[in-house]
1. Within the range 1-32, can you find the residues that are surrounded by 12 or more Cβ atoms within 10 Å (Cβ to Cβ) and outside any helix (DSSP H, G or I)?
2. Here is a check on your reading of the model: is TYR67 among the aromatic types (Phe, Trp, Tyr) and surrounded by fewer than 16 Cβ atoms within 10 Å (Cβ to Cβ)?
3. One residue is enough: does the range 13-23 have a residue meeting the conditions of a type in the set (Phe, Trp, Tyr) and more than 12 Å from the chain's Cα centre (by Cα)?
4. Just wondering, is there one or more residues in the range 67-74 that are among the hydroxyl-bearing types (Ser, Thr, Tyr), modelled with pLDDT of 95 or more and out of contact with any Asp or Glu (no Cβ under 8 Å at 6 or more places or on another chain)?
5. I need the full set of residues from the range 31-53 which are charged (D, E, K, R) and either within 17 Å of ARG21 (Cα to Cα) or modelled with pLDDT under 95 (or both), in order please.
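The values are calculated or read from the model by the stated rules, or taken from the named source; none is laboratory data. Just so we're clear, the structure is a prediction, and the values are computed from it rather than from any experiment. Using ideal geometry, Cβ is built from the backbone for each residue, glycine included, and neighbour counts are taken over all protein chains shown.
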Amino acid sequence: MNIDSMTHAARKAMNHNPEIRNWIENYIKNKVRAEKSELSDQEFENYWKYHKPEIIHERSLEGFLAYREHKINNDLK
């Protein structure tokens with residue numbers, strides 16, 4: 001499966017399962033927040049408000065892979 005197909009599958013999973021979507025959005029938001037540590041909380045929330053759709057779209061595969069790893073690790077416990 002190529003990257004485009006995997007990214008599409010990740011976004012499809014997010015669109016069909018609110019639990020997955022919420023987990024991935026929180027994961028990505030936390031990662032972006034760490035990357036934008038120079039912004040105040042208010043500045044970051046404003047940034048996130050306007051850039052969230054683009055960022056979620058671009059990083060959906062990264063988020064889905066992290067979600068899958070998280071689920072596997074928790075299911076093994």
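1. ASN17
2. Criteria not met by TYR67.
3. No; the residues of the range 13-23 include none that is of a type in the set (Phe, Trp, Tyr) and more than 12 Å from the chain's Cα centre (by Cα).
4. yes
5. Those that are charged (D, E, K, R) and either within 17 Å of ARG21 (Cα to Cα) or modelled with pLDDT under 95 (or both): LYS31, LYS49, LYS52.
To keep it simple, each residue is scored yes or no on (1) within 13 Å of the chain's Cα centre (by Cα); (2) part of a helix (DSSP H, G or I).
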residue	(1), (2)
ALA34	no, yes
GLU38	no, no
LYS49	no, yes
LEU65	yes, yes
